[in-house]
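Have a look at the structure below before the remarks.
A short reminder: the numbers here are calculations on the coordinates, not readings from a lab. What you see is a predicted model; the values in this text were computed from it and never measured.
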Amino acid sequence: MIQAPQATKRSKLQRWLQRSLPFWLLLPTVVILLTVQVYPALYTVWLSFHDREPQGWVYVGAQNFERLFGMGLFAESVGHTLVFLVGFASLTLVLGFVIALLLNRRLRFSGLYVTLLFIPWIIADIIVGIVFRLLVVPDYGLFSGILQNPALFPPDGLSVLTAVPPRPWFGDFPFPPAPAMIYLILASTWRALPFVTLLLLAAMQTVPNEVLESSRIDGANSRQVIRYVMIPLMLPTIVVALFSLTLSGMNGVGMVFSLTGGGPGSSTEVLSYMLYSIGWRQLEFGRAGALALLIGLVNWGLIAGTLRVTRAHGEPSGEEQ
Amino acid sequence: MHSPTLKRRQLWLLNSALILICLFALIPVAATVLISFKGERDIVRNPPNILPCDTPTSAFDPTQCRWATEGYQRVLAPKPTAGALLPWALTGNIVRVYIPNSFFYATTTSLLVVLLAGMAGYAFSRYRFWGHQTLLVSILAITGVPLLTNLLALYQIGANLRKAQLPFYDDRLFLVVVYLGFFLPLSVWIAKGFFDAIPRDLDEAALIDGCTPVGALMRISIPLALPGLMAIFLLTFVNVWNEFIAGYLLLAKNELKPAMFGLYEFLSQNIINLQVVAAACILIALPIVVIFLFARRTFFAAMMEGAVKG
């Protein structure tokens with residue numbers, strides 16, 4: 001607390017105001033966060049144990065959860081979400097790492113490349129969905145002529161947004177995914193890639209040059225340097241990137257909305273989209289609350305994991321001076 | 001890995017790989033621009049052609065391209081008017097209602113976020129008080145919470161508030177408060193980081209010279225933190241502009257809809273008219289892309305500051 005030397009001469013009120021200044025500075029933020037974040041989270045918990053009956057809200061215990069798990073679509077959505085997350089996170093991380101490696105050499109045009117590569121990230125997810133849709137709209141899309149050509153994609157060409165999913169290999173688990181799901185993964189990767197690339201690039205640049213030099217002098221080739229020196233040193237950032245991709249993938253609904261609308265059939269219906277359809281299309285708020293709670297719990301797990309990783313590795317900004 | 005001397009050939013390879021990646025990354029953007037300048041005649045062709053430049057006699061003749069602006073015309077819907085500043089007025093809903101609404105939401109939210117996050121970040125950076133670390137970590141944890149799971153509750157709160165018919169209340173106010181709640185936490189962290197970077201000695205020197213704490217804040221800290229506050233403003237502006245789901249679920253009246261909502265409806269009204277949808281996408285994304293290109297350094301600074309946090 002900073003105290004001016006003349007503080008003793010001031011009136012009591014002024015001193016009190018000064019001492020409580022941090023409180024007043026923080027008050028609006030805290031009030032807003034309590035209203036918009038904390039209260040709704042508690043409300044969701046309450047909601048998941050209640051259901052709307054003609055006479056009002058009644059406590060139904062775990063019924064919402066039972067009914068949610070009883071829906072065939074739930075298990076299927078979990079499958080879609082898993083397929084989406086694994087595809088999206090691994091593709092983005094691998095591509096991001098490779099591009100970051102290329103950008104890590106100081107080139108004359110690095111700044112230009114970073115700027116151009118970064119454009120996809122600032123375009124809204126709903127617009128990205130629409131743009132990718134415009135490319136493959138059945139019959140009229142820009143690339144539909146190529147994709148729907150039976151000579152290139154036997155037997156009848158590929159209509160990305162309407163093709164039925166292939167027969168699942170493992171029971172009901174939706175793998176291999178429908179073309180629309182693969183396309184959704186590609187579109188999401190396209191948008192998330194710049195962010196992950198920059199994050200990994202920043203981490204890469206903090207790897208001390210001497211460490212790299214000395215491992216090279218010890219006879220490690222480029223691949224060994226990457227595998228045994230760089231990746232271990234960058235691991236905290238890679239984990240943070242992975243958690244953040246999973247978090248945004250779990251909850252990002254805009255692209256599903258504008259690109260596939262959950263279809264064809266239910267082949268791109270992920271949990272976030274299912275929450276929207278139960279809540280706002282079927283108006284089953286209790287069941288939607290149960291689903292929101294489940295998604296929220298996964299989110300909290302991911303957030304807690306991220307915090308652990310960043311704190312454990314000497315995150316400087318949270319420390320006391 | 002910085003090898004001291006990259007061979008010329010390596011350098012050439014590296015540059016061409018990066019140029020290829022950039023081109024590949026920009027294909028969807030270029031394709032949208034291309035589609036937006038096609039005419040209806042070329043949009044509804046089956047099988048589709050990529051460039052509208054074919055003639056009955058040749059597959060590609062660059063002198064015969066049929067570029068058209070009808071996509072933009074149908075989004076903007078200009079009507080000639082007398083007495084106005086311009087010879088025509090733009091009557092399309094997207095430019096007349098939705099984009100101005102988005103400007104309103106984005107500007108209001110960003111200004112408030114800058115103010116509140118600036119206050120909170122300053123408090124966290126300059127004072128130690130009871131619960132300092134707990135509150136800071138709680139805000140960091142909230143940063144990660146996505147909008148989606150809270151929307152059920154917010155939707156019902158919004159519906160109840162609407163029913164209560166409070167004076168001076170409308171859905172716009174509610175949406176701005178919701179956006180504040182979602183974009184404040186990250187900004188508080190960014191602001192704290194920027195205030196931390198300003199040496200405390202400067203404040204203390206001002207205080208010793210007889211400045212009040214508020215005076216020191218106004219004369220020393222805020223001017224020095226200005227680039228950081230600017231970064232928060234821009235980041236929030238882009239986030240609000242691009243946000244879809246909250247606006248979609250929390251607003252009911254047509255005249256209050258933000259651009260993303262309008263665009264989504266536009267998509268279902270123009271299933272076949274791809275050139276119109278493409279033109280609308282470009283018009284809505286353009287302000288953000290322009291802001292980004294002019295202020296990219298500020299962006300990268302804010303994002304990296306925020307990204308390592310959560």
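Quick notes
- Using alpha carbons only, the radius of gyration of chain A set against its Kirkwood radius gives Rg/Rh = 1.07.
- At least 27 Å along the helix axis (C-alpha) and Kyte average at least -0.5, DSSP helices within chain B: B:8-36, B:99-126, B:171-196, B:222-242, B:274-294
- Span from the the range B:1-60 Cα centroid across to the the range B:101-146 one, whole angstrom: 42 Å
- Remark on the range A:74-120: Rg and Dmax equal 15.9, 51 Å (Cα only).
- Each principal axis of the Cα cloud of chain B was taken in turn, and the coordinate range along them, longest first, works out to 84, 71, 44 Å.
- Summed over all non-identical Cα pairs, the Kirkwood treatment of the range A:43-92 gives a radius of 13.0 Å.
- Along each principal axis, taking the top coordinate minus the bottom one, the Cα set of the protein assembly as shown gives 93, 78, 68 Å in descending order.
- Selected from A:THR29, A:THR246, A:THR206 as most flexible by GNM, with chain A as the system and alpha-carbon contacts under 10 Å: A:THR29
- Residue pairs exceeding 28 angstrom between C-alpha atoms, taken from B:LYS38/B:LYS79; B:LYS38/B:LYS253; B:LYS79/B:LYS257: B:LYS38/B:LYS253.
- Taking N as its residue count, the alpha carbon Rg of the range A:149-254 over 2.2 N^0.38 Å: 1.56
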